[in-house]
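Written below as structure tokens is the structure these notes are about.
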Amino acid sequence: DSCSPRSIMAADPSAAAAPADPDGPDAVRFTWNAWPRSKVEASRCVVPLAVAISPVRSPESLASPPLPYPPLRCKPPCSALLNPFARVDFAAKIWICPLCFSRNHFPPHYAGISENNVPAELFTQCSTVEYLVAGPPGSPAPLPPVFLFVIDTCVIEEELEYVKLSMRKAVALLPEHALVGLVTFGTQVHLHELGFSELSKIYVFRGSKEISKEQILDQLGLSGGGRPGFPKMTQQPGVQQVNGMHPLVTTGVNRFLLPVSECECTLSTLLDELQPDQWPVEAGNRAIRCTGVALNVAAGLLGACVPGTGARIIALLGGPCTEGPGVIVSKDLSEPVRSHKDLDKDAAPHFQKAVKFYDGLAKQLVSQGHVLDVFASALDQVGLAEMKLAIERTGGLVVLSESFGHSVFKDSFKRIFEGGEHSLGLSFNGTFEINCSKDIKVQGVIGPCTSLEKKGALCADTIVGQGNTTAWKMCGLDRNTSLTVFFDVSPSERSGQPGHQNPDLYIQFVTSYQHPEGQMRIRATTVSRKWVDGSTNTEELVEGFDQETAAVVLARYISLKMEIEEEFDATRWLDRSLIRLCSRFGDYRKDDPSSFSLHSNFSLFPQFMFNLRRSQFVQVFNNSPDETAYFRMLLNRESITNSVAMIQPSLISFSFDSPPSPVFLDVASIAVDRILLLDAYFSVVIFHGMTIAQWRNMCYQNQPEHQQFAQLLQAPQEEAQVIINGRFPVPRLVVCDQHGSQARFLLAKLNPSATYNSAHDVPPGSDIIFTDDVSFQVFCEHLQRLAVQS
Amino acid sequence: MPGMPGAMPPNALGQGMPSTPTMPYSPHAEAQVSTPSKIDPNQIPRPITETSVVIFETRQAGQAAVPPAASSEFIVKDTGNCSPRLMRCTMNQIPCTGDLLTTSGMPLAIMVQPFALPHPSEEAIQLVDFGEMGPIRCSRCKAYINPFMRFVDQGKIFICNLCGFSNDTPREYLCNLGPDGRRRDADDRPELCRGTVEFIATKEFLVREPMPAVYFFLVDVSMNAIQTGATAAACSAISQSLSDLPEGPRTMVGIATFDSTIHFYSLKRAQQQPLMLIVPDIQDVYTPLQMDLILPVSECRDSLEQLLESIPSMFENNRVADSAFGAAMKAGFLAMKPTGGKLLVFQSVLPSVGTGSLSARETEGRSNISSGDKEAHKLLQPVDKTLKTMALEFAEYQVCVDVFLTTQSYTDVASISVVPSTTGGRVYYYFPFSALSDPAKLFNDLRWNITRPQGLEAVMRVRCSQGLQVQDYSGNFCKRVPTDIDLPAIDSDKTIMVSFKHDDKFQENSECGFQCALLYTTVYGQRRIRVINISLPCTSMLSNLFRCADLEAQFTYVVKQAANGIPSSSLSQVRDQVTSTCINILQSYRQYCASVSSSGQLILPEALKLLPLYTLALTKSIGLRNDGRLDDRSYWVSIVSSVSVSLAVPLVFPRMIALHDLTSRDDEDPLIPNPLTLNSENIQDNGIYLLENGEDGFIHVRNAVNPATLEQIFGFSSLAGAPNLLVLEQFDNVLSRKVNEVVNEIRRQRCSYLRLRLCQKGDPSGDFFRSLLVEDKAPGGLSYVEFLVHVHRQIQSKMT
């Protein structure tokens, strides 16, 4: 029965459980760990040649402490950093770059190297290494992080109180030297001048009018030339620098951005006095909310005060923008916020304009090196779909929740300010560069970054995501930030000749960034993989297939295609890809479906595709455009392991009979005496079987003789907490009972092996799903039939 | 003169060379210039001060009485015609035909000052409430019921005195007629026996709830304003004035400051520190809050006082030299838009940025001086339409702007004054601003501005009997339709001139009625209609017109016409125009009323005998003289546009009194001694003189003054180093007390605090003083005698 769906799924889901560090010390995962040499072969692989990398993940995992000297670089145009794969001639004090084969002399200060005295960057285990870079002379490091809060006041009193509570916690958690600014907005934008002590001083910008950066600077008296009347800030010798800023900008810094230690009181008073927007909301209308101008002003202020240093705009949004640039819906409540259907039918009149506005904002922020974080907490959509570009291009964080009082917001918000074990390691001002062997071309990157338009020989003709460059800006990045780099192979004539072929390919990722502590660092990861020769040798390819990475890369790839290609049929595309992949790499006799089987490296892949087809990434019509944007942004920036959970949630069963164990993501896994724990990344569901729920309702867990039951109840809670603690954004925790209304959070994710059509087969106590969706079994039957077709 | 009977026979006193006339002067006769070879300067006409208080009944024996001079003290008894303070016609008999009017050369206009201060002994204007029905009106021309509407047919019909329409008397208003044909209740009903009454407005007069009294203060805090002390003075004045605001919950206040941005303040937050809201977009302003910028004064007085105290120090180190006056006004306006109200702006520099910013045109004017007089007047026009457009919008939403210019430099008053003059406000001008002496005047001006009788959101219309029609209104208001004028605010100091032209003939012995109806809201929120009536006899006799001419009203007309002309024609043209108006009137009289025998003489109609003197003074006034600053001239023009009859004359023909010998006067004497003739022969070398024009008080101290006298009045015995701008203190001596009494009495009369300035010989200020002595010969100006000769020659040449 080797061809049954079960065999494809792998007999035991626990086998899919990730090893300790699935991403390895380099935090690099390839879809294919062995690469075909030709374009044709590459396209026959179906799944693109791609690499997922978390550029600054887990510094603890680094084999060496940061190196206190700058890296050595190969001669241009290669400029790759010296790495363990370099061939070193210790006698001649020469190293040969593995990427371009250039010979480089070591500089004089490397004179002491020998076989017994090797610098850390040449250690084999140091394929990933970090350098400390001293700033330009005279610039006193470290730079303080800058946080500009942008708070929506078009919310009800209760929500605003939640915001204040979270803000107070945040301010208390911020490092003393961090610079803080505050913008509040509703009908108009209020920029608070924190450095003015005599009374609360607020600059008010109208919400209805787009305002250029120059106008903002001029109106705030911050423009470089100095507005007439404002003293020109000429650089005088001996002028004390404030917070390491150039004196030119210190006026703005002193007025609007202050170290926490200096403005804690002012901030606290401001928060105390902050009221919901005072402008009236007419009956039948939405509140007038000028999110666009607020972000405009915030970006302009940062651009004037702290260009080029790490700063983030943290926007707390409570509803849709209804005024000025970036409007996503009119004030009239009778007009609903655009849905996927509207977008599809081109019936979203504000969409393109808003997208264009936020695109401009993204460009501005990227050029300034600043980040936009959005915390959207509203029952209605706030316009994440339109803002997506500005968030993703700047590497901003995004959290979507229903209320500022919800733990998804509260705990996530707190996380970004927390240090220690759970610190996100928020870093700034990153530049991500790729150097690679010359038969490899870079198609582009999907993920939180922006092309720096550094074109070169390494750029491929076809573009995926941010392409046509070998360098990207990452205004904001953190330990979780992951990028997917798409490659193409393009063998040159010379490399095609036998004898000149190098068996290994090399790729180097270089990330320079402003560490949370302020200094600039460079992280370099150099990896090597094997070339596979010829078209017949599928075995090496199969051995090198990473099905999790492949599933995630496909998910990211089709999400992008769905966004940019009109009428793109994702389901069909996925089906065809899966069939092609199975035809190419499956074992079967032609036209005999029953003969079909897959190598274990591929065995989970059909199920990933089955779930991907059913997921929020493909079935967008079940979600709002905001949710879709949110899901995709996180899919694009998360690690492979986390992204897999988004596509195919994990399900763990807790029962008296056995220790907690993974079970099939199938409705058949439901049982009255089980507790199920579903981790769907965005939500974590604890699902009590009917009997368990009854016992709990009767409070058996409180009786001493039922200690074991109490423990059984507790166990999934603890497990859920572990998941929640390790994740940003904090997932939504749903605790529900079988047949309860909240149970839908679980049922929606399960394979409908039992539906109302098959209800008569279902054993008592288990569940059915009311759906016409095909089950995984049916899916696999079709797959096998189509894969073996000649 | 009042009660002068009959036409005056022309009374020629000799013949001779016209070029050397003499002028024996008799107050009871027509003034004449006669032949003897020398003019006796003591005999030429000059104003004489009436010292007794006249009781003036507006109608006597069914006839309109000729009112006493506006400058004299009188007590009015309203017996059917309104008080002449409220309405004064240029002629107290109306020519039957337009031709007759043209022949006379005289203007036909009335000066309406609807809130003119009454004499303390006068009866208050009575308030009439017709209840739901509202005031009785003519159903054709909508004129209000007045003593001149005739009830006929047992009172069932009343005939409108203005349009002649026969109306049915409403049943509720029916009343039998007495044997004299009047309604029996006529004497009990103010609207039937008084020239002026007020009606309570009914719903049909309300387009919205009567507005609250809103006062919004805008204070310039740009660098110059702060450094000259102007900001501090403004804040202090506002703070002190808060207690003078009308009491009650309907009085609202708000404040904003501005430099190159506009700073609003929210004072609502009782325990918290005030909130400063900055509007930085001065090209396109907006209001930063919908509510809480304007609050009932009772709710925010303390916090407002605190704020006013801290503003000068808060901006102490302000280095922003720019001032966004126009944008700030616009922003203030937006805050007041829902209610309307008074916007009081304290501005200290030339508005240099934002909407309605201005440029230093004065320098432009100076550099263009070579191009001559021809273009110079353009600098007295507003530079563009921006502020006018703004002002029209303000007026539409019942916002009245007063601008207090506390400045050291050119501020383009010509452009700025458009806003107050369109919205029923005015410009106050403190140049050069002195932090020492001007704060007191600023405070007094502001307080008077707030406390004087006034009305809000007013609409005014003047109706007249068939035969005449309104030709034009002139004053500080906004006119949207030809018949009405809109006055966001109207106060006791403001006068509106209404000119008329004939469109038909009047019957001899008929009467021509004028009715001014002013719909307004009191500062306490009551909507009222003030109806002011006058009915004057019509005549076809030119001599009657001359006999009943009102010199001051006519002269006020001439002054206002001249002021209107200044921005559009060259000064010499305006002066020529003024002089020829005078000559034409006198020529008409000479030609048609004087005896043939007196052809060689300059014969002046008694009522208008001072016209040449006043005309001469006008040609030498700040507005029409060649030298002087642009802003001073613009300010003069702006003042004149709303000036009352009683203040127009002193503005060009000032009053000079001696201060040094005040101690010689008895306490029973009138407080103010008789004015001295305005020529230098009257100035003694040991004297101290005060010359006042209702705006400024110039104190001229002669060289030989006894230092003890100086000490008594000023507290210092030597003028060396004395400041030009004076603070008059009261010292413990009789002379000082008397000087203070005199100055205070003048202030009371003029409703103006007077800027006191010291003028010393050998100093520009001394020369300026000299230039105000209008009878003297001056560079480019004739002496009084020379002017009379000139007038006479002109008349002669016209007649031949």
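The values are calculated or read from the model by the stated rules, or taken from the named source; none is laboratory data. Just so it is clear, the model here is predicted, and its values are computed rather than measured. Here the Cβ positions follow ideal geometry from the backbone for every residue, glycine too, while neighbour counts run over all protein chains shown.
Taken over the stretch B:157-182, the residue count meeting the criterion of being among the charged types (D, E, K, R) and surrounded by 15 or more Cβ atoms within 10 Å (Cβ to Cβ) is 1. Residue check: B:SER434 meets all listed conditions (1) over 20 Å from B:ALA213 (Cβ atoms); (2) touching a helix residue (DSSP H, G or I) at 6+ places or on another chain (Cβ under 6 Å); (3) of a type outside the set (Phe, Trp, Tyr) but one, namely (2). With B:SER540, B:SER535, B:SER510, B:SER499 as the choices, which residue is surrounded by fewer than 19 Cβ atoms within 10 Å (Cβ to Cβ) and either under 16 Å from B:CYS82 (Cα atoms) or under 21 Å from the mean Cα position of the chain (by Cα) (or both)? Selected residue: B:SER499, the only one of B:SER540, B:SER535, B:SER510, B:SER499 that is surrounded by fewer than 19 Cβ atoms within 10 Å (Cβ to Cβ) and either under 16 Å from B:CYS82 (Cα atoms) or under 21 Å from the mean Cα position of the chain (by Cα) (or both).
Residues that are in contact with a helix residue (DSSP H, G or I) (Cβ under 7 Å, 6 or more places away or on another chain), within 14 Å of chain B (Cβ to nearest Cβ) and farther than 15 Å from A:CYS305 by Cα were ranked within the stretch A:161-195; the one that is surrounded by the most Cβ atoms within 10 Å (Cβ to Cβ) is A:PHE185.
Looking at the stretch B:190-260, the helices (runs of 4 or more DSSP H) lying wholly inside it that each contain 1 or more residues that are touching a Ser or Thr at 6+ places or on another chain (Cβ under 6 Å) and either at pLDDT 95 or above or within 14 Å of another protein chain (Cβ to nearest Cβ) (or both) sit at B:223-227, B:230-241. Yes or no: the stretch B:294-301 includes at least one residue that is within 14 Å of another protein chain (Cβ to nearest Cβ) and in contact with a strand residue (DSSP E or B) (Cβ under 8 Å, 6 or more places away or on another chain). The answer is yes; a qualifying residue exists. In this structure, is B:ASP284 modelled with pLDDT under 95, acidic (Asp, Glu) and crowded, with 18+ Cβ neighbours inside 10 Å? Against the criterion (modelled with pLDDT under 95, acidic (Asp, Glu) and crowded, with 18+ Cβ neighbours inside 10 Å), B:ASP284 does not qualify. Here A:ASP342, A:ASP332 are screened, and the one residue that is touching a strand residue (DSSP E or B) at 6+ places or on another chain (Cβ under 9 Å) and assigned by the TED database to the domain that holds A:LEU302 is A:ASP332. Residues in the stretch B:106-142 that are touching a Pro at 6+ places or on another chain (Cβ under 6 Å), hydrophobic (A, V, I, L, M, F, W, C) and farther than 22 Å from B:LEU162 by Cα: B:PHE115 only.
Of the residues B:THR451, B:THR423, B:THR483, which single one is surrounded by 24 or more Cβ atoms within 10 Å (Cβ to Cβ) and among the hydroxyl-bearing types (Ser, Thr, Tyr)? None of the other options fit; the residue is B:THR423. Flag: B:GLY131 matches the condition of being exposed (fewer than 14 other Cβ atoms within 10 Å of the Cβ), on the phi > 0 side of the Ramachandran plot and of a type outside the set (A, V, I, L, M).
Scanning the stretch A:436-452 for residues that are more than 17 Å from A:SER492 (Cβ to Cβ) and in contact with a Phe, Trp or Tyr (Cβ under 9 Å, 6 or more places away or on another chain) yields A:GLN443, A:GLY444, A:VAL445, A:ILE446, A:GLY447, A:CYS449, A:THR450, A:SER451, A:LEU452. Counting only residues that are more than 26 Å from B:PRO654 (Cβ to Cβ), hydroxyl-bearing (Ser, Thr, Tyr) and modelled with pLDDT under 90, how many does the stretch B:27-71 have? Looking only at that region, the number is 3.
All conditions but one from (1) out of contact with any strand residue (DSSP E or B) (no Cβ under 6 Å at 6 or more places or on another chain); (2) within 19 Å of A:LEU160 (Cα to Cα); (3) not in a loop (DSSP other than H, G, I, E, B) apply to A:GLN381; the one that does not is (3). Among the residues of the stretch A:681-701, those that are over 26 Å from the mean Cα position of the chain (by Cα) and either in a strand (DSSP E or B) or closer than 30 Å to A:TYR630 by Cβ (or both) comprise A:PHE687, A:HIS688. Does A:GLN219 satisfy the criteria of being outside any loop (DSSP other than H, G, I, E, B), at pLDDT 85 or above, surrounded by fewer than 20 Cβ atoms within 10 Å (Cβ to Cβ) and within 14 Å of chain B (Cβ to nearest Cβ)? When the stated conditions are applied, A:GLN219 does not pass them. Only one of the numbered conditions (1) in a strand (DSSP E or B); (2) among the small types (Gly, Ala, Ser); (3) farther than 30 Å from B:PHE205 by Cβ is violated by B:SER543, and that is (1). Only residues that are surrounded by fewer than 17 Cβ atoms within 10 Å (Cβ to Cβ) and at positive phi were counted in the stretch B:752-785, giving 2. Of all residues in the stretch A:665-713, those satisfying the criterion of being within 24 Å of A:ILE640 (Cα to Cα), touching a residue at least 60 places away in the same chain (Cβ under 8 Å) and either small (Gly, Ala, Ser) or touching a helix residue (DSSP H, G or I) at 6+ places or on another chain (Cβ under 6 Å) (or both) are A:LEU678, A:ALA680, A:SER683, A:VAL685. Inside the stretch B:302-329, residues that are away from every other protein chain (no Cβ under 11 Å) and within 20 Å of B:ALA237 (Cα to Cα) make up a count of 9. Considering only residues in the stretch A:275-289 that are in contact (Cβ under 8 Å) with a residue 60 or more places away in the chain and within 34 Å of the chain's Cα centre (by Cα), the one that is farthest from the other protein chains (Cβ to nearest Cβ) turns out to be A:ARG289.
Report yes if B:MET276 is farther than 18 Å from B:ALA489 by Cβ, within 14 Å of chain A (Cβ to nearest Cβ) and in contact with a strand residue (DSSP E or B) (Cβ under 7 Å, 6 or more places away or on another chain), otherwise no. So B:MET276 fits the description; yes. Taken over the stretch A:197-216, the criterion of being surrounded by fewer than 24 Cβ atoms within 10 Å (Cβ to Cβ) and more than 8 Å from chain B (Cβ to nearest Cβ) is satisfied by A:SER197, A:SER208, A:GLU210, A:SER212, A:LYS213, A:GLU214. Among the residues making up the stretch B:622-672, those that are part of a loop (DSSP other than H, G, I, E, B) and closer than 21 Å to B:PRO420 by Cβ are B:ILE622, B:GLY623, B:ARG629, B:SER641, B:SER642, B:VAL643, B:SER644. Evaluated against (1) under 22 Å from B:THR261 (Cα atoms); (2) away from every other protein chain (no Cβ under 14 Å); (3) at pLDDT below 95, B:SER359 falls short on exactly one condition, (2). Taken over the stretch B:554-597, residues that are small (Gly, Ala, Ser) and in contact with a Leu (Cβ under 7 Å, 6 or more places away or on another chain) amount to 1.
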